[in-house]
Structure formats: C-alpha cells, structure tokens
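*Asks:* Quick one: the structure is below, and I'll ask about it shortly.
The values are calculated or read from the model by the stated rules, or taken from the named source; none is laboratory data. Quantities reported herein were computed from a predicted structural model and do not represent experimental measurements. Don't worry about glycine lacking a Cβ; one is built from the backbone with ideal geometry, like all the others, and counts go over all protein chains shown.
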2 protein chains.
Amino acid sequence: MESGSAIEQALENAVASCDTLGCPPRLAAAIRYAVFPGGARIRPRLCLAIAAGCGEPNSPLAEATAASIELLHCASLVHDDLPCFDDADTRRNRPSVHKAFDERIALLVGDALIVLAFQNIARAFADAPQRLPGLVLALARAAGAPGGIVAGQAWECEATAPLEEYRRLKTGALFVAATVGGAMSAGADPAPWLVLGDRLGEAYQIADDIRDALGTDDELGKPAGRDADLGRPTAVGELGVAGAVKHFERLIAEANASIPPCPGAEFLRELVDLEAQRLLPAQLLQRAA
Amino acid sequence: MESGSAIEQALENAVASCDTLGCPPRLAAAIRYAVFPGGARIRPRLCLAIAAGCGEPNSPLAEATAASIELLHCASLVHDDLPCFDDADTRRNRPSVHKAFDERIALLVGDALIVLAFQNIARAFADAPQRLPGLVLALARAAGAPGGIVAGQAWECEATAPLEEYRRLKTGALFVAATVGGAMSAGADPAPWLVLGDRLGEAYQIADDIRDALGTDDELGKPAGRDADLGRPTAVGELGVAGAVKHFERLIAEANASIPPCPGAEFLRELVDLEAQRLLPAQLLQRAA
C-alpha cells in the first residue's frame, strides 16, 4: 500500500481546517498531536486499497474518506486512554493526549475529531452529494451505537460482555467502514466488501490481543499486559495463545477468500497476506511456541 | 412554536436507532436519559420556525435537522457536566448523566450523540442528498473547532479567553446552525438567516448568565452561581446585571430587525419577542432592579 503520503496529506488537509487562527491554541496543538505522527494507518490504507481495487486509484474522494476513518480511530484512542477507561499514560511511545495536555483537552480533542470526520467527507463530497448519505451512515454505524466503537467501549461498562460482539464493535466496525467506505467513495456497490472488513477487523483485534499478551511495552508503544490487568475479555484469555493464533490464521484465509472479482483482486490478496505478517511477525510467534 | 410534539417525535426516531436490541443496556438507557425529558428545546423550535418561515412547515427534513441540532446540544451538556469541566451533579432538576450512571458512560453518551446527530440527518436526507453536504458542514461548524461548541469549551482551558468569541462559540454557534439549518433543510438560501441565529444565541447566553447570577438552584434546575464560582467569563461579570440586561435587549432588537422578508416574517418577529420574555421573565428582572 504505497498510499502513505496521500493519507498524511489528506489528514493534514482535514486537520488544517481546525487549526486556523482563532482556534484555542492548546486545542489546536492537541488535535494535531492526536493525529500526527500516526501508527500504521491500516484503516485508511485499506480504504484506499479497496477504492483502487474498485477502479478509482488516487481518488481525492477516497483519500478524504480514508482520512475521516482515521480521524474516528484517533478519536477513539484519545477517549479510550482517558483515566476513566484504560488510564493509559503512553500511546505510540509517547505521552497520551491527556498526559501531554490534560484530561479536559483530551475529552475535547476526541469530540472535535468525531465532528471533523463528518465535516471532512461533507466537504469532499460537495460535488458528489449522492454518495454522501451512505458514506455518513457507514462511518456513523462504525463509530456510534449500537453497532460501533462507542457501543464496543460501553460493553466494558457492563457486568458481562459478549466477546465476539465486543471485538466486532471495538475494532471490526471501523475496518468494515474502511472497506465499505472505500467502495462507496468510488461509487461501487459496498456489499461485496463487507466480509473482508469484518474478517480483517477481527484478525487485527486478535493480533492485538496476542501482541498485548506477548509483547513488551517498547514494542507496543503502550503498556503491555493491559487487557489482563483490566480483566478485559480477550481472545488469548479465551482460546490461549496457540488457539488465538490459529483463529487469526483462519480469519486471514476467510478475508482473502472473500475478495470479490475486481481489477485489483490479485493485488488485494497479496496485500492481505503482507498485512497479516506485519500484524503477527514471525519472531513474535516464535516467542509463543 | 407549537412544534413540541414533532420535535419529541423526531428525537424519539433518532434515539430509537441506537436503542435497539444489541446495544449495551446501560449505554442505551443513558442516551435516552440525556435526551428525554428535554429543556425548552429552543434550538430545534427555532430551526422548525425558520423552515416554516421559508415555506416548508411540517417538513420531515426540517424535523430531522432540528432533532440533530438538539442531539448536539444534549451531547455538549453531558460532556460539560463531567467532573473535569463543570463537575455539575444536577441538570434539569435531576442527577446529571455521570451521576445517574457513571463517568465512563457519560463520556460515551456524548460521543454517541455527536455521531447520531450526523447519522440522523444522513438518514433523513437520503432522498434529498444535494442538501446534505451543506447541512453537515453547518452542524459540524457549530459543534466542532475552530468555530463551534468544542472550541468554546476549549477556551475554558486557556489562561485567557476572548469573552465575545467564547460566548459566540459556546452558544451562538448552535443557534446559527438552527436558523441556517432550518433554511437549508427547506432548500432556501441560508445566508439571510445567519444574523438572527447569531443575535439570538448571544442573547440566550447573556440571559443564561443573568439567570445564573440572580436565580436559585430550583429555578435553574442546576447549581446557581456556578459561573462566578468557576471564575468563568460572563456578561454579568463584565457589564453588571443592568448592563447585561440592556445588552440583551439590544440583541433581541437586532434579531428582530434581521428577519428577512418571507411568508412567516410577522410570526417570526412575534416569536422572538415571546422567547425574549421567556428567557428573562419580568419577575426575575424585578429582582435585579
């Protein structure tokens, strides 16, 4: 996915609209801090790959969609890290937003990024408005309740949570938005891309669980073993490391098999395999053996 | 504004989409708690009045827009009440959301309501998509940064805040969204309605400052004297009660004068005057004299 610079530029364009003269300076700085530098940008890369697969490479519409999806992701990280949730002091190897700024600013940054995600696609699709309602709905479904990140996070506030559902909401939903949104931004039918997003999202969450159980703080850029410490439902807790790895591999195979016939199908399959190796590097798996 | 039941129904329609089987039960309950029963619903009433003034009374599109604006307002109240901001235990004469549920749920309710606001208009405007980009931008501008509620709240996190700007962002922005959004939902030019929203918004904020300074907890449904306690910039602090009242009256006059020629102009002028009396009742003003 050689789409990195396009994604950074699309994020820059989105954030720049917040970051104007007249924005409270600490808020402006914190919004930028929450978005740059990013992590792997896997969701927006996936979104662009699908749009290209659907025949629209280098599309400003897809790039805006990808950026909006990443903004929703960044918002969820900032709010998840807050003291009332994960109480995480670090993220991506540096202080989390509420540590670098303060809790109030972190709360507002999350709110601002959610708003910005919708604002950004509305701006981009002003000349293709017929694609906008579906796209707003796809992003909203992934971000909100009952089917998105907010609902996933809210399952942590219940006495018992359905593991599959929890995992699907906390991570899978935004991966589905990435594949479906990539197709929609290209004016293609989103339905054939739903399974790919769903399987990749679950695979990503399971890989995250495995890395959380096996990795070190340095490798993760955040405290390791956090899920176990917080008593959170995880695939490793339920299936053990070996079982979780097996499940991960099955999900990647299903993701690959789901890719519908399209000009970029071959490329997309290679990319899924590469992504799988990036998510669970061989040397990490050796540690599990 | 005999639009109360239409607004409640539009809010019910919006919230019902969160509130389905599969939503974490405490989140679903808290979302409902944050939205019902409401306060005066002044923003959505204003939105519907403008749409009617523009020739589209009883419009489902305007009702959805009005509901989305109220959802953004409810979201801001829930987040404002949190311990890291106002730390308000009560709102509308009962426990605030984080007191009735907990802080985590309150954080998520605010996020969910912001998402729902955009989801709700996207759903409503699926068959009128050409009106959607502008409407999303108007709501986003009012909610986010640098020109909306989030930015207004962020000024509280700065050492010094420009009072006019702060007031405009924290309240005026969503009033502008109400007038402009009402016109847009009716397919009318929003520009002539901007001043009305701006002046009413500032008048509302000043009335709020005056009530906060003169009212009792019972009258307000929340702790009185909060602004002074928190050392927040207010019109009363800057102008004194008498000066604030005078400024309020000037703003109402400007609001009235700004109403552009339209079928409902006479009705809208009466309504602005009625609203002014509701915001600053005569018996409250006697207390100030």
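*Asks:* Hey, could you check segment A:152-183 for residues that are at pLDDT 85 or above and among the acidic types (Asp, Glu) and say which is farthest from A:Ala207 (Cα to Cα)?
*Replies:* By that ranking, first place goes to A:Glu158.
*Asks:* Let me ask you something else. Which numbered condition in (1) in a loop (DSSP other than H, G, I, E, B); (2) farther than 24 Å from B:Ala224 by Cα; (3) modelled with pLDDT of 95 or more is the only one that B:Glu56 fails?
*Replies:* Tallying (1) in a loop (DSSP other than H, G, I, E, B); (2) farther than 24 Å from B:Ala224 by Cα; (3) modelled with pLDDT of 95 or more, B:Glu56 fails exactly one: (3).
*Asks:* Somewhere in segment B:158-166, is a residue more than 7 Å from chain A (Cβ to nearest Cβ) and among the polar types (S, T, N, Q)?
*Replies:* yes
*Asks:* Can I ask one more? Going through segment B:17-49 one residue at a time, which ones are more than 27 Å from B:Gly197 (Cβ to Cβ) and within 21 Å of the chain's Cα centre (by Cα)?
*Replies:* Selection gives B:Ala30, B:Arg32, B:Tyr33.
*Asks:* Return the total of residues in segment B:142-182 being part of a helix (DSSP H, G or I) and under 17 Å from the mean Cα position of the chain (by Cα).
*Replies:* Going through segment B:142-182 one residue at a time, the tally reaches 25.
*Asks:* From A:Asp189, A:Asp198, which residue is assigned to a loop (DSSP other than H, G, I, E, B), more than 14 Å from every other protein chain (Cβ to nearest Cβ) and either surrounded by fewer than 24 Cβ atoms within 10 Å (Cβ to Cβ) or of a type outside the set (Val, Ile, Thr) (or both)?
*Replies:* The match here is A:Asp189.
*Asks:* Which residue, of B:Leu46, B:Leu72, B:Leu61, is of a type in the set (A, V, I, L, M), modelled with pLDDT of 95 or more and surrounded by fewer than 24 Cβ atoms within 10 Å (Cβ to Cβ)?
*Replies:* That would be B:Leu61, the only listed residue that is of a type in the set (A, V, I, L, M), modelled with pLDDT of 95 or more and surrounded by fewer than 24 Cβ atoms within 10 Å (Cβ to Cβ).
*Asks:* Within the set of pairs 6 or more residues apart or between chains, which connect a residue that is of a type in the set (Gly, Ala, Ser) inside segment B:69-89 to a residue that is part of a loop (DSSP other than H, G, I, E, B) and modelled with pLDDT of 95 or more with Cβ atoms less than 7 Å apart?
*Replies:* Listed by first residue and then by second, the contacts come to B:Ala88/B:Asp81; B:Ala88/B:Ser96.
*Asks:* Going through segment A:219-244 one residue at a time, which ones are in a helix (DSSP H, G or I), within 21 Å of the chain's Cα centre (by Cα) and either modelled with pLDDT under 90 or surrounded by fewer than 19 Cβ atoms within 10 Å (Cβ to Cβ) (or both)?
*Replies:* A:Glu219, A:Leu220, A:Arg226, A:Asp227, A:Ala235, A:Val236
*Asks:* For residues that are touching a residue at least 12 places away in the same chain (Cβ under 8 Å) and either within 7 Å of chain A (Cβ to nearest Cβ) or among the hydroxyl-bearing types (Ser, Thr, Tyr) (or both), scanning just segment B:123-139, find the one that is surrounded by the fewest Cβ atoms within 10 Å (Cβ to Cβ).
*Replies:* B:Arg123
*Asks:* Being touching a Leu at 6+ places or on another chain (Cβ under 6 Å), closer than 30 Å to A:Thr90 by Cβ, facing chain B (nearest Cβ under 7 Å) and in contact (Cβ under 8 Å) with a residue 12 or more places away in the chain narrows it down to one residue among A:Ala117, A:Ala143, A:Ala112, A:Ala177; which is it?
*Replies:* A:Ala143
*Asks:* Any idea how many residues of segment A:220-248 are of a type in the set (Asp, Glu) and in contact (Cβ under 8 Å) with a residue 24 or more places away in the chain?
*Replies:* Result for segment A:220-248: 1.
*Asks:* Please go through (1) surrounded by fewer than 18 Cβ atoms within 10 Å (Cβ to Cβ); (2) in contact with a His (Cβ under 9 Å, 6 or more places away or on another chain) for B:Gln153 and return the number of the only condition it doesn't satisfy.
*Replies:* Just one mismatch for B:Gln153, condition (1).
*Asks:* Answer yes or no: is there a residue in segment A:15-27 that is of a type in the set (Lys, Arg) and within 14 Å of chain B (Cβ to nearest Cβ).
*Replies:* Looking through segment A:15-27, at least one residue is of a type in the set (Lys, Arg) and within 14 Å of chain B (Cβ to nearest Cβ).
*Asks:* Looking at segment A:86-106, which of the residues that are touching a helix residue (DSSP H, G or I) at 6+ places or on another chain (Cβ under 6 Å) and facing chain B (nearest Cβ under 10 Å) is surrounded by the most Cβ atoms within 10 Å (Cβ to Cβ)?
*Replies:* Applying the filter and picking the extreme gives A:Ile105.
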